[in-house]
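Some notes on the structure that comes next.
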Amino acid sequence: MLRLFALLAALAPAAALAATPAQDAAFLAARDAFARGDAAKLARHAAELKGYVLEPYVEYYQLRLRLDDLGPAAVQAFLARHPNTVIGERMRADWLRALAKKRDWDAYLAEYPSYLGEDADLACFALQARWRKGEPLPAEDVLRHWSAPRDIPEGCVPLVDALAAAGRIGERHAWERMRLLFEAGQLGAAKRAAAWVPAAERPDERTIDLVFANPHKYIEKPRVDIASRQGRELALLAVGRLARMDAGAAASHWAAREDRYPVADRAYAWGQIAAQAARQHRAEALDWYAKADPAPLSDDQLAWRARAALREERWPEVKAAIERMTPLGRSDPAWIYWLARAQLAAGNRVEAETLWARIAGEPHFYGKLATEELGLRVVVPQKGYVPTPAEVQAMAGNEGLARALAFFRLEQRTEAVREWNWAIRGLDDAQLLAAAEVARRNEIWDRAINTADRTQALHDFNLRFLAPYREVFRDQAAAQGLEEAWVLGVTRQESRFIQNARSSAGAMGLMQLMPATAKHVARKNGMQGFTLAQTTEVPVNVQLGTSYLRQVLDELDGSPVLAAAAYNAGPGRAARWRAWRPLEGAIYAETIPFNETRDYVKRVMSNTVYYAAILNGDTRSLKSRLGTIPARGSERMAAARSETVE
């Protein structure tokens, strides 16, 4: 911490230089007083913080405690003193909510155009304000919120009610929304959506809970009344929920009963069953998709249709699924790449190369694969710009970055990252690289990486792919017989090298070790007196992380793709996701059923290519690194032996 403070002092503007440990302590106490609603204590600490770099926050805290009694003049004066800042926009958002609560629509409409954030509720209150002032009901804007798989923002609820009263939203629309929310797993929002089902057909909350949590029990009830719209819809929701748990059971149930339902309902149910079957890697998935035709499918359902076809290497079906996607869906680099592969399998090389050329050279997973398919080598872009010391010093003097650095010093990461990201909005490439250098010099590795990642034309891949704690990683990778570039690729994805990173699930440190995994590996390595507090110590964390990587690599036939999947989702799952025949590594990665793990594996392997090239001049292709995934059941150790640390 002392080293970080010294670095901050070397780069920070005069306001930050004026900070003392006593002021830092006073600020944290003021922040605590605000959280407790203690205005008197807050005022005492505010007197100690004149000229302090985070003084605007103290001022905000004081105003916020009396916002309900505040007049517009005090708010406007604060906004004028802090234009285009995080704290200014926070105050503006709070003020807008206060105005909406008071139904002061004139003041709301006067203030809202200045708001720079993206708050759906505030946007809805703006729609409501214009409607309350006599403008026509903004149906299309409201229907966009209605069609989103999340709760209706509070500000739009009266507008939805008005659309329902006008006949624009009826029973059919309400059930369609409930289907959408069930598919997204949004139980609370689904129960609230039931309010727009006509009272005679409206299901009670206990029934909705049963359908969601125990669909099999609901389906097997002796009196499911499918003569009514409610009965049919609840049965369809139950079939979809059951498919998420066991697509085979859902298919058996539905096949025995589907002839009692309208044709559209049959197709909808088979689309739900097929998509879940594809996620579960069931061989019947494509047959069940065929039962859904010609009903419209969402891009997500079509993506899983394409993935099911990929696992079977049924290239015409891959092509057909991708071509049915919306233009937005087809524009995803993954589907550009796989559509090109399907074209190549059909003998259409020109079409394939035209598609690959669209994404070749881009720094992501499929950009690399497309480059290699065109017979080119993935290269690290040349450093396009090196900021001068004066430019770095000037960027360190940016008030927003100075506040971010102060928050980092105080170990308040949430506020620090918010300030940092706000400050770099709109910067050009040269300025972004200067800001990234400020972060690097202050050992704020994640901001250095993320900021350098934003450049469009001028790049510095040494900043994008930093390798802090290099000696530790090199030594521990060598001790475990692992490729250092791969270990760094994992760590970059896990934590961006944040030493004390903690996930919501409880993973800790650079390599994000779960407590059970850390204890298991420490015990296996004979680390006497190990405590979980040691997990955030860099040498210990890397030792444990590399040892665990070695373990899962050995269990999973030495495949870095499988080991990366295992590191994120557990060895048992990584093994179960294999096919009964060898799979191309890229196909295995694309068909991982967990969105997070699928993205994780792609990024780890893509990171590895760059780290290998930057650190060692190793230019092995991504495709060769992905290799071929051996058939299911060939792992060297039973996956069950690893279940204890998943």
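The table that follows gives values for the structure above.
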item	result
Distance-filtered residues of region 159-180 - backbone nitrogen under 19 Å, label point 7 angstrom along R229 Cα→Cβ	160-180
With DNA, RNA and ligands ignored, accessible area of W270 (1.4 Å probe; Å², nearest 10)	10
Residue order for K519, K602 - accessible surface, 1.4 angstrom probe, largest first	K519, K602
Normalised contact order of the chain, rounded percent, pairs of Cα under 8 Å and 6 or more residues apart	9
Extension reserve of the R620-A148 stretch, reckoned as 0.36 nm per residue once the Cα distance is removed	165.6 nm
Most to least packed among 81-87, 544-550, 48-54, 382-388 [average Cβ atoms within 10 Å]	544-550, 48-54, 81-87, 382-388
Calculated log₁₀ intensity ratio I(q)/I(0) where the Debye formula runs over C-alpha points of region 194-250, q = 0.14, 0.21, 0.30 Å⁻¹	-0.35, -0.76, -1.29
Amide H contacts of G627 (H built 1.01 Å from N, under 5 Å, at least 5 apart or other chain)	G585
Inter-label distance, nm, simple model (7 Å from Cα along the C-beta direction), R202/E351	5.2
Whole-Å semi-axes of region 540-634's equivalent ellipsoid (Cα gyration tensor)	20, 17, 12
Packing rank of 173-183, 251-261, 590-600, where each peptide gets the mean count of other beta carbons within 10 Å, highest leading	173-183, 590-600, 251-261
Cα centroid separation, region 325-351 to region 177-239 (Å)	38
Other-chain or far-sequence residues with amide H under 5 Å of Y385's (modelled H)	H459
Span per principal axis, largest first, for the Cα atoms of region 343-400 (Å)	58, 23, 15
Farthest toward positive dipole pole in the chain [+1 Lys/Arg, -1 Asp/Glu at C-beta], among P294, G375, G240	G240
Size of charge dipole - the chain - debye, nearest 20, with Cβ of Lys, Arg +1 and Asp, Glu -1, no other charges	880
Sum of -39500 (n - 2.57) over DSSP H runs of 4+, divided by residues of the chain (222 nm, nearest 500)	-19000 deg cm²/dmol
Evaluated at q = 0.14, 0.15, 0.22 Å⁻¹: base-10 log I(q)/I(0), Debye formula over Cα of region 219-342	-0.59, -0.66, -1.18
Stokes-Einstein D (µm²/s) once Rh is taken as the Kirkwood radius of region 222-280 over alpha-carbon pairs, at 37 °C in 0.692 mPa s	291
Rh (Kirkwood; distinct C-alpha pairs) - region 475-540, Å	12.4
Kirkwood hydrodynamic radius (C-alpha pairs) into Stokes-Einstein, region 362-457, 25 °C and 0.890 mPa s, D in µm²/s	169
Given charges at beta-carbon only (K, R positive; D, E negative), |dipole| of region 37-130 in Debye	160
Region 225-294: relative contact order as a whole-number percent, Cα under 8 Å and 6+ apart	28
Label-to-label distance, nm, for residues given as A165 and K101 (7 Å Cα→Cβ offset)	2.5
Cα gyration tensor shape of region 104-196, rounded if a/c is under 1.5, else prolate or oblate by comparing a/b with b/c	oblate
Positive-pole candidate from L339, V386, L432, dipole of region 305-450, charges at beta carbon	L339
Filter on K524/K602; K102/K133; K41/K101; K319/K623; K191/K291 - keep pairs with C-alpha separation over 26 Å	K524/K602; K41/K101; K191/K291
Signed unit charges on C-beta, dipole axis of the chain, positive-most listed residue Q412, W105, W196	W196
Net charge dipole size for region 532-620 [Lys, Arg +1 and Asp, Glu -1 on Cβ; Debye, nearest 20]	220
Tail weight of P(r) past 34 Å, computed on alpha-carbon pairs of the chain, percent	58
Backbone N within region 470-485 under 17 Å of label point (7 Å from N525 Cα along the Cβ vector)	470-484
Carbon and sulfur %, accessible surface of the chain computed with the full protein complex present, 1.4 Å	51
For region 421-431, Karplus couplings with θ = phi - 60° (6.51, -1.76, 1.60), whole Hz, Gly/Pro x	5, 5, 5, 8, 4, x, 6, 7, 4, 5, 5
Cα gyration tensor category, rounded, prolate or oblate, for region 20-166 with a/c compared to 1.5	prolate
Alpha-carbon spread of region 46-115, three principal axes, descending order, Å	38, 24, 16
Alpha-carbon gyration tensor eigenvalues x 5, square-rooted, for region 425-468, Å	16, 11, 7
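The values are calculated or read from the model by the stated rules, or taken from the named source; none is laboratory data. Just so it is clear, the structure is predicted and the values come from calculations on it, not from any experiment. Cβ coordinates were reconstructed from backbone atoms using ideal geometry, including for glycine residues, and neighbour counts include every protein chain displayed. For accessibility, only protein heavy atoms count, side chains too; no ligands or nucleic acids. Shrake-Rupley method; radii C 1.70, N 1.55, O 1.52, S 1.80 Å.
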